[in-house]
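Novice: My questions will all concern the structure given below.
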Amino acid sequence: MRQTEWIAIASAGNDFKNFAGFTEREQDGLHRAGEILREGGLVAFPTETVYGLGGDALNPDSSRRIYAAKGRPSDNPLIVHIADRGDLSCIASGIPEEAEKLAEAFWPGPLTMILHKSDAVPPETTGGLDTVAVRMPSHPVALAVIREGGGFVAAPSANTSGKPSPTLASHVAEDMGGRIDMIIDGGALGIGLESTIVDLTVSPPRILRPGYITREMLEQVLGHVEVDVTILQSQAECGQAPKAPGMKYRHYAPAGELTVVCGEPETVVEYINCRADEDQRAGHRVGVIGTEEMLGRYRADLIKSVGSRADKKAIAAGLYAILREFDREGATKIYSEAFSGDGLGQAIMNRLLKAAGHRVIDLRALQEGGENDSNRK
Ligand code: TXA
Ligand code: MG
């Protein structure tokens, strides 16, 4: 166990355009964070997506410490965060024109690009790959931490490997308290799902992880962009392993057994209520993740609204906190409504499916083709 320093930096909020600057006390804290990073220590900090667990990306010992603190398999590479676009050429080589175009359009922001790495990046940071994931976040605290820390900060999500990513500093403390040197509390984060990852080492560019920057937005800049089939299908369904090594692990997962139910809203409610009754009789504590519109219709022990179906941004921002609440409240079985696979809905559905280990009940398929429960595990 080590002492984890805790500092709060509230002045940035989530409205970065109107950010007027840090207080003196906050600046001291950021300076201290930079010292820790430059000495090889670990600092958790807010970004616009989820909290990151930062270490010096160019220091192999820091990367090893990140893997150890998260309990993460060391073949799962880290994203290198930069604070100035000009720094890209220090860590990537043979940078294609597409990267410049995407940086112009979406950086700073929730977009990660996969590029060929330069010799400056140690293999410990990239899980042994010769490519590197790079992102320039927009959160003022993240940018300040990166600059204070020397310019190149490796930062996976600041959760224990396999758990939902943290969207509150208290989530970080739950998982990382006593394991890292500092936690910077920036409040509840705005986006709530990890950055979109696009691989620019292949042609056409390919989305490896969907996020707030959607395929449509990328295509406006680049023309045709492919979406990796593993985003919405399990390895068993499509016969392919995900190209982002991290996406092959069960992830974002609550402790209870999560099942995603697809179909018409009415039939989904009916099905979930029926399963919940059965589970309760078997002694389970049953949770439901529902949209505002259907919430009053469920019967279960813990019924949580993920927001209105019309507001995908709010659903994305709240999803992980809800998954963690079920853990705290001891849900052993959880059922969730499904979301459409386009735009931001694709990112939400991708995370839900991973959290559920692809345990999906498709009521439409059941109705059309009789009992087809092959995905039920
Ligand atoms: O929003 C985010 O991206 C957050 C914040 C903290 O910036 N970070 C984040 O990092 O989500 P992490 O480590 O939890 O997820 C990084 C993902 C993993 O699935 C990893 O396998 C993939 O990026 N990745 C990293 N480097 C890669 C590479 N060279 N090729 C393919 N996938 C890569
Ligand atoms: Mg992660």
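The values are calculated or read from the model by the stated rules, or taken from the named source; none is laboratory data. What you see is a predicted model; the values in this text were computed from it and never measured. Quick reminder, even Gly has a Cβ in these numbers, built from the backbone with ideal geometry, and neighbours come from all protein chains shown. Accessible surface is based on the protein model in full, side chains and every heavy atom, while ligands, DNA and RNA are left aside. Shrake-Rupley method; radii C 1.70, N 1.55, O 1.52, S 1.80 Å.
Novice: Please tell me if Thr230 is open to solvent by less than 50 Å² (accessible area, probe 1.4 Å), within 18 Å of the chain's Cα centre (by Cα), under 25 Å from Asp130 (Cβ atoms) and without any contact (Cβ under 8 Å) to a residue 60 or more places away in the chain.
Specialist: Yes; evaluated as a whole, the condition is true for this residue.
Novice: For the stretch 185-203, give me each residue that is under 18 Å from the mean Cα position of the chain (by Cα) and not acidic (Asp, Glu).
Specialist: Scanning the stretch 185-203 gives Gly186, Gly187, Ala188, Leu189, Gly190, Ile191, Gly192, Leu193, Ser195, Thr196, Ile197, Val198.
Novice: Show the residue pairs that are 6+ apart or on different chains and have beta-carbon atoms under 6 Å apart, the first residue being within the stretch 297-312 and assigned by TED's automatic domain parsing to the domain that holds Arg275, the second being of a type in the set (S, T, N, Q) and in a loop (DSSP other than H, G, I, E, B).
Specialist: Here the result reads Arg309/Thr291, each pair linking the stretch 297-312 to a residue that is of a type in the set (S, T, N, Q) and in a loop (DSSP other than H, G, I, E, B).
Novice: Select the strands (runs of 3 or more DSSP E) contained entirely in the stretch 1-84, then report the ones holding at least 1 residues which are among the small types (Gly, Ala, Ser) and under 22 Å from Ser138 (Cα atoms).
Specialist: 5-8, 43-45, 52-56
Novice: Now a separate question. Would you pick out the residues in the stretch 60-76 that are open to solvent by 50 Å² or more (accessible area, probe 1.4 Å) and either within 17 Å of Met176 (Cβ to Cβ) or touching a strand residue (DSSP E or B) at 6+ places or on another chain (Cβ under 8 Å) (or both)?
Specialist: Selection gives Arg64, Arg65, Ala68, Gly71.
Novice: Mind counting the residues in the stretch 132-184 that are under 14 Å from the mean Cα position of the chain (by Cα) and not hydrophobic (A, V, I, L, M, F, W, C)?
Specialist: Number of matching residues: 14.
Novice: Give the residue that is surrounded by the fewest Cβ atoms within 10 Å (Cβ to Cβ), with candidates limited to residues of the stretch 170-200 that are more than 13 Å from ligand 1 (Cβ to nearest atom) and among the charged types (D, E, K, R).
Specialist: Within the stretch 170-200, the match that is surrounded by the fewest Cβ atoms within 10 Å (Cβ to Cβ) is Glu174.
Novice: Which condition from (1) touching a Ser or Thr at 6+ places or on another chain (Cβ under 9 Å); (2) crowded, with 19+ Cβ neighbours inside 10 Å; (3) part of a helix (DSSP H, G or I) is the one that Ala236 breaks?
Specialist: Status for Ala236: all satisfied but (2).
Okay, residues lined up against (1) surrounded by fewer than 24 Cβ atoms within 10 Å (Cβ to Cβ); (2) in contact (Cβ under 8 Å) with a residue 60 or more places away in the chain; (3) more than 14 Å from Leu58 (Cβ to Cβ):
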position: Leu78; (1), (2), (3): no, yes, no
position: Arg85; (1), (2), (3): yes, no, yes
position: Ser89; (1), (2), (3): yes, no, yes
position: Gly94; (1), (2), (3): yes, no, yes
position: Glu98; (1), (2), (3): yes, yes, yes
position: Ala103; (1), (2), (3): yes, no, yes
position: Phe106; (1), (2), (3): yes, yes, yes
position: Ile114; (1), (2), (3): no, yes, yes
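Novice: With the condition kept exactly as written, say whether any residue in the stretch 268-279 is under 24 Å from Asn350 (Cβ atoms), among the small types (Gly, Ala, Ser) and either more than 16 Å from ligand 1 (Cβ to nearest atom) or outside the structural domain of Leu302 (by TED's automatic domain parsing) (or both).
Specialist: no
Novice: What helices (runs of 4 or more DSSP H) lie completely within the stretch 280-377 and have 2 or more residues being crowded, with 20+ Cβ neighbours inside 10 Å and not basic (Lys, Arg)?
Specialist: Those helices (runs of 4 or more DSSP H) span 312-328, 344-355.
Novice: Also, I was wondering about something else. Suppose we filter the stretch 85-115 for residues that are away from ligand 1 (no atom under 14 Å from the Cβ) and within 23 Å of Ser157 (Cβ to Cβ); how many remain?
Specialist: Total meeting the criteria: 4.
Novice: Another question, if that's okay. Which residues, taken from the stretch 152-169, are open to solvent by 10 Å² or more (accessible area, probe 1.4 Å) and more than 16 Å from ligand 2 (Cβ to nearest atom)?
Specialist: Phe152
Novice: Only one of Thr23, Thr49 is open to solvent by less than 10 Å² (accessible area, probe 1.4 Å) and out of contact with any helix residue (DSSP H, G or I) (no Cβ under 8 Å at 6 or more places or on another chain). Can you tell me which?
Specialist: After ruling out the rest, the residue left standing is Thr49.
Novice: Out of the residues in the stretch 201-221 that are farther than 20 Å from Lys312 by Cα and touching a Leu at 6+ places or on another chain (Cβ under 7 Å), state the one that is surrounded by the most Cβ atoms within 10 Å (Cβ to Cβ).
Specialist: Filtering first and then ranking leaves Pro205.
Novice: Still on this structure, I have one more. If a residue has to be touching a residue at least 24 places away in the same chain (Cβ under 8 Å) and open to solvent by 10 Å² or more (accessible area, probe 1.4 Å) to count, how many in the stretch 124-146 make the cut?
Specialist: Looking only at that region, the number is 11.
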